[in-house]
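Accompanying notes for the structure given below.
Readers should treat all values here as calculations from the given coordinates under stated rules, not as data from a laboratory. None of the values given here were measured: they were computed from a predicted structure. Positions of Cβ are backbone-derived with ideal geometry, glycine not excepted, and every protein chain shown enters the neighbour counts.
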Amino acid sequence: MENIVFGIGITAMAGALASVAGAAENVESDIGSQGDPNSQVQLAPQMGYIHRIFNKAIAGEPPAYGAWCAIGAGLAMGFIALQVNPILALILGCAITAFVQGVYATTAYLGRIASLAKFGQPVYIDILKSMTTVTMAHAFVAIFTTVSLCYLMNAALGHPFPLPLLGIVWGIALGAAGSATGNPFYGKERQYQNQKFGAGVPVAASGNIVRYAEAGQRNSLDNGWFSAKLGGPASGVCFGLIVFLELWRTVLFEPVGHGWGAIIVGVLLILVFTIIDRYIEVWARKTYGPYAKPAEVKT
Amino acid sequence: MTVSASVGAGAIPHNTLIGVGLVGSLVGIYLTYLNVITGLQVFSFFGGIGAVLALVWGSNTIKTLCSYGIGTGVPSAGMLSFGSGVIAMLFATRYGVAAPIVGLVLAAIVGAILGYCANQIVNMKIPVMIQSITEMAAIGALTIMGYTAMAAGSFSMIPLMSASHLDAGYWATFIGASFIVVVFILGAMAIQHPFNATLGPSWQQDRMLYLAVECGFLSMIVIAVISFAFLSMNAALVSLVVSLAGWLYFYMEYIRLSKRDAAMWLDAKPIVEPEGH
């Protein structure tokens, strides 16, 4: 019984860490216009829309965060092998990883913008200086919380995978959660506030992203503010639920039927979420869908 | 799958880069064997230098392949390269001194099979596919072997599965603690980033190659920090200093080249609207 209470406590803490990780990851990637919103930021200058948005094309979010969390976990493991206190080891490993992330961010921005010289997109050095540091800070929070929850799984729950392997697995999961949940807020809504709501992105509007802000010209910190309000918390809830439910089913049901209990509960959870998703989709289409009858559309 | 042949050739021919990468990485990895001959560990950083040269070759291969519009992002090519390379590299570590050669040959075979499958079975029909994937698998194996030799001081299986500063047995060794995952992802990011970050209408080969070297040295910094867990303090410090110096030089050079190629280099200036808008 004590074991189960301890396990549930660790599960709750890992879920909380994961929520913070998801929120920080999404804000970081949106400030850098990483993931699918990147295509429009890359396209805009080619369509004649010069902008002051940060274009940090490193990779998709899942490989990028798989990399950062694996590097952070590997460095932490190296420090632990050197008899450094585990908490200090995690902090040191993640700090060095944030430096690596920052270097990748600067080279990606400089490279992409310099290769757009033909269309007259300038390199804005102030954008590089002010955005990179902000993304590094958010990346540190996301990496540190994710590597910490991996450490909890390994050290407290006795997960058989070594720390770097857990790092890459949960890093990819974190990137996928942020990419799938948080990006639509930025890529489908924030970039196209000048288009009719729910209209999608017509070909004629491709690259015509919003470039001017409430006051002055929009930069990626404005997008970070927007993401912190909507996309970030949504990604946090998503990744937090993934980590919490995954550990919850393992801790509680693994002793049932030589491990089959956890697998059956996992399948049941997938079914429950499929039903919830379907219900929400149908409800949203009925409530907001603008495409009910073609005759209603004024041309 | 559309095939848009927009392969712009760079100033340095691809075959020259193959030669530099292949010979350079093999020489670099074999120089770490001086550790065994002399009984010291300070020659480990040569593995990293070998890996950097393989990555330079790899960035140009990715450029050649991805210019055809393979239907996925550039990063996927890097993951494929290292995914096939790591199998060959791990198998080759059994063969002691011959490991780098065995790894190279084996990876090339794995790559050729994957390239054949992509072209004939998945029906992608890209002319450079088989050659590119063969090259990339070989680059993956050589890079992983180079970084591994740099971190653990050896490319043979026995030291990789036994040596460690921690007395925790197998679970604290290079393979047992999964440090190879870090090497895998560091290499995969470093091979895809140079082309992914510099693609566009005003792409320049020299800028991409400098970025490849910069990425390689950046990965070396992380590997050097990890090598403190496996090597003597002096050897790890030598690796760290070499990595930091190399990274700093090539980072500054890359910024210089970006400044050369950029349309304008502005600090805190408003949007410059092009004429006609």
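A compact table of results
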| quantity | calculated |
| --- | --- |
| Prolate/oblate/rounded label for chain B (Cα gyration tensor, a/c 1.5) | oblate |
| Residue-count net charge about residue B:213 - beta-carbon cut-off 13 Å; Lys, Arg +1, Asp, Glu -1 | -2 |
| Spacing of the two label points (7 Å from each Cα toward its C-beta) at residue B:252 and residue A:267, in nm | 6.3 nm |
| Burial ordering of B:29, A:91, fewest other beta-carbon atoms within 10 Å first | A:91, B:29 |
| Whole-Hz couplings from phi, Karplus 6.51/-1.76/1.60, listed for region A:127-138; x for Gly and Pro | 5, 4, 5, 7, 7, 4, 5, 5, 5, 4, 5, 5 |
| Net charge of Cβ neighbours under 11 Å - reference residue A:120; Lys, Arg +1; Asp, Glu -1 | -1 |
| Signed unit charges on C-beta, dipole axis of region A:2-253, positive-most listed residue A:205, A:135, A:221 | A:205 |
| Packing-based exposure ordering (other Cβ within 10 Å, fewest first) of B:228, A:79, B:91 | B:91, B:228, A:79 |
| Cα pair count fraction exceeding 30 Å, expressed as % - chain A | 40 percent |
| Cβ-derived FRET efficiency at R0 25 Å, residue B:20 paired with residue B:98, nearest 0.05 | 0.65 |
| Distance violations [Cα-Cα > 27 Å] among A:129/B:259; A:188/B:63; A:118/A:196; A:129/A:229 | A:188/B:63; A:118/A:196 |
| Förster-model FRET efficiency, 41 Å R0, residue A:281 and residue A:213, C-beta, rounded to 0.05 | 0.80 |
| Extension reserve of the residue A:201-residue A:118 stretch, reckoned as 0.36 nm per residue once the Cα distance is removed | 27.3 nm |
| Degrees between helix B:45-66 axis and first principal axis of chain B (Cα, 0 to 90, nearest 10) | 30 degrees |
| Total formal charge among the other residues, if their Cβ is under 15 angstrom from that of residue B:273, Lys/Arg +1 and Asp/Glu -1 | +3 |
| Charged-residue dipole, Cβ positions (Lys, Arg, Asp, Glu), chain B about Cα centre, Debye nearest 20 | 280 debye |
| Mean ellipticity per residue at 222 nm, deg cm²/dmol - from DSSP H runs of n ≥ 4 across chain B, formula -39500 (n - 2.57) | -22500 deg cm²/dmol |
| Chain A: angle of helix A:163-177 to the longest principal axis, Cα-based, in degrees nearest 10 | 40 degrees |
| q = 0.07, 0.10, 0.11 Å⁻¹, the protein assembly as shown: log10 I(q)/I(0) [Debye, one scatterer per Cα] | -0.43, -0.88, -1.05 |
| Using alpha-carbon coordinates, inclination of helix A:61-81 to the longest axis of chain A, degrees | 40 degrees |
